[in-house]
Amino acid sequence: MTPDEELADQIASVLIENGLVDPSKALELKAKIATGTANEQDWRLWVELSPIVTKGESRNAAPR
C-alpha cells in the first residue's frame, strides 16, 4: 500500500466512523482521495448520503 493509499484509508475510516460518509462509498472515497481526484460534487454526494444527513440531522448541527 502506498503512503497516499494509507492516508486515504485513515481519512475514510474517520469519516465513516463519525457518520459523515456512508460506508457503501468507502472504496470510491479512498480511491479518489488517494489519487487526488475527489471534487466538490463527490464530497457533496458523499455527505448528502451520510448516515447523519439521511437521519434528518443538519450537517451544521452542534455535536451532542
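Quick note: the coordinates plus some simple rules give every number you see, no bench work behind them. Quick caveat: nothing in here was measured; it's all calculated off a predicted structure. A quick note on method: Cβ atoms are made from the backbone with ideal geometry, for glycine too, and the neighbour counts reach across all protein chains shown.
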- Note on the structure: Of the candidates LEU27, TRP46, ILE16, the farthest towards the positive dipole end of region 3-54 (Lys/Arg Cβ +1, Asp/Glu Cβ -1, centred on the Cα centre) is TRP46
- Label point distance in nm, ASN18-ILE52, each placed 7 Å from Cα along Cα→Cβ: 0.7 nm
